[in-house]
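*Asks:* Attaching a single structure in structure tokens format; questions to follow.
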Amino acid sequence: MPLYFILLLAVVQGITEFLPISSSGHLVILHAFFEGPEFGAEASADWGEDLMLDVAVHVGTLFAVLLYFHKDIGAMLSGLFSFVSRKKARNTAATDGLNLVPHLIAGSVPVVLAGFLLHLWQPSLLRSLEVMAWATIFFALLLWWGDKKFPDTKTLKDMRLIEAFAIGIAQAFALVPGTSRSGVTMTAGRFLGFSRIESARFSLLLSIVAIAGAGLLTGFDLVGTGNLRLGADSLLAAFLSFLTALAAIALMMRWLARASFTPFVLYRLVMGVALLVLIYGGFVHA
């Protein structure tokens, strides 16, 4: 596997996984532009067929979000331990963590079901560059509307199960490349009146289940094809995606503490429009 493939895949996945700009959309773009003859058919085939790298970069981003939110995860585990052992939670953090668990479950159910069905079906339409471009634009506008027009006073302590489930339904739309899993869940959070930071926090905690589930499905595919291996390429990809994802999370959370989603919206609009120009101009195949 050429080194620049590994670098591109890991860095792009790491940066875009948690920012509201669609990691899957960026990977579709990379596939589309790197499958040209100037890059060589062999290299393109390697990238398309080596599922182990896909698992590796997802594992890297998973460890990044686990590390960044280790206090939240620790509080949830502490709360669950107290609940199972029928002991009173040791502190407020553990109580809040326990209360968050059913909300994360409710928010994860829709995408788990939808993801499993799509994994069996695998419609080629969802790999279309044209679909991705329009989804990028539409959901960017939706994010801008939700961020500008709705209050931002609620925290996760105010969240109800029905609201968590609604965010989960929104997350299922992220199976369409260009939608952005983090973007659509943050959008749903803003529509429901949660602050930018709290919307992002819940979105990133939800990503733990989504990323782990996607990795497991891909892992099952690898076992079925006998292509399971852990080589230097995979380790490098996982490490690079971990570093870039951790940096991206930290920078985004610092930004949202004092500013809006507008830069992400503008980036998506420019990318979407540029892709449509290239597609309808005949420069790339949709």
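*Asks:* Given the criteria surrounded by 24 or more Cβ atoms within 10 Å (Cβ to Cβ), of a type in the set (Lys, Arg), at pLDDT 95 or above and closer than 23 Å to residue 262 by Cα, does residue 190 qualify?
*Replies:* yes
*Asks:* Can you pull out every residue in segment 230-254 that is buried (at least 16 other Cβ atoms within 10 Å of the Cβ) and among the small types (Gly, Ala, Ser)?
*Replies:* 234, 237, 238, 241, 245, 248
*Asks:* Which condition number does residue 90 fail, the rest of (1) assigned to a helix (DSSP H, G or I); (2) modelled with pLDDT under 70 being met?
*Replies:* (1)
*Asks:* Hey, another quick one. List the number of the failed condition for residue 251; all other conditions in (1) among the hydrophobic types (A, V, I, L, M, F, W, C); (2) at pLDDT 95 or above; (3) within 22 Å of residue 137 (Cβ to Cβ) hold.
*Replies:* Only one criterion in (1) among the hydrophobic types (A, V, I, L, M, F, W, C); (2) at pLDDT 95 or above; (3) within 22 Å of residue 137 (Cβ to Cβ) is unmet by residue 251, namely (3).
*Asks:* Which count do you get for residues in segment 82-104 that are free of Cβ contacts under 8 Å to residues at least 12 places away in the same chain and surrounded by 15 or more Cβ atoms within 10 Å (Cβ to Cβ)?
*Replies:* Final tally of qualifying residues: 1.
*Asks:* Name every residue in segment 153-187 that is modelled with pLDDT of 95 or more, outside any helix (DSSP H, G or I) and surrounded by fewer than 21 Cβ atoms within 10 Å (Cβ to Cβ), in order of residue number.
*Replies:* The answer is 154, 155, 160.
*Asks:* Check segment 116-128 and report whether any residue there is under 29 Å from residue 173 (Cα atoms), modelled with pLDDT of 90 or more and charged (D, E, K, R). Explain how you work it out, then say what you get.
*Replies:* Quick first cut of segment 116-128, residues under 29 Å from residue 173 (Cα atoms) only: 116-128.
From the residues that got through so far, the ones that are modelled with pLDDT of 90 or more too are none.
Within segment 116-128 (the criterion being under 29 Å from residue 173 (Cα atoms), modelled with pLDDT of 90 or more and charged (D, E, K, R)), the answer is no, since none of the residues qualifies.
*Asks:* Quick test for you: out of 75, 45, 64, pick the one residue that is among the hydrophobic types (A, V, I, L, M, F, W, C) and modelled with pLDDT under 75.
*Replies:* Answer to the check: 45.
*Asks:* Taking segment 1-17, which residues are aliphatic (A, V, I, L, M), modelled with pLDDT of 90 or more and buried (at least 22 other Cβ atoms within 10 Å of the Cβ)?
*Replies:* Listed by number, the list holds a single entry, 10.
*Asks:* Being part of a helix (DSSP H, G or I), loosely packed, with under 15 Cβ neighbours inside 10 Å and among the hydroxyl-bearing types (Ser, Thr, Tyr), is that true of even one residue in segment 122-144?
*Replies:* For segment 122-144, residues part of a helix (DSSP H, G or I), loosely packed, with under 15 Cβ neighbours inside 10 Å and among the hydroxyl-bearing types (Ser, Thr, Tyr): present.
*Asks:* Considering only residues that are out of contact with any Ser or Thr (no Cβ under 7 Å at 6 or more places or on another chain) and closer than 15 Å to residue 17 by Cβ, look in segment 211-238 and name the one that is modelled with the lowest pLDDT.
*Replies:* The qualifying residue modelled with the lowest pLDDT is 218.
*Asks:* If we keep just the residues of segment 271-286 that are surrounded by 13 or more Cβ atoms within 10 Å (Cβ to Cβ) and outside any helix (DSSP H, G or I), which is nearest to the chain's Cα centre (by Cα)?
*Replies:* Going through the qualifying residues, I end up with 286.
*Asks:* Condition first: modelled with pLDDT of 95 or more, buried (at least 20 other Cβ atoms within 10 Å of the Cβ) and under 22 Å from residue 9 (Cβ atoms). Can you find one or more residues in segment 255-270 that meet it?
*Replies:* Among the residues of segment 255-270, at least one is modelled with pLDDT of 95 or more, buried (at least 20 other Cβ atoms within 10 Å of the Cβ) and under 22 Å from residue 9 (Cβ atoms), which makes the answer yes.
*Asks:* Of the numbered conditions (1) in a helix (DSSP H, G or I); (2) charged (D, E, K, R); (3) more than 30 Å from residue 15 (Cβ to Cβ), residue 71 fails exactly one; give the number of that condition.
*Replies:* Looking at each condition in turn, residue 71 falls short on (3).
*Asks:* Residues of segment 160-185 being small (Gly, Ala, Ser) and at negative phi, which ones?
*Replies:* 164, 166, 168, 170, 172, 174, 182, 183
The values are calculated or read from the model by the stated rules, or taken from the named source; none is laboratory data. In this text the structure is predicted, and so the values were computed from the model without any measurement. Heads up, the Cβs are rebuilt from the backbone with ideal geometry, glycines too, and the neighbour counts pull from every protein chain shown.
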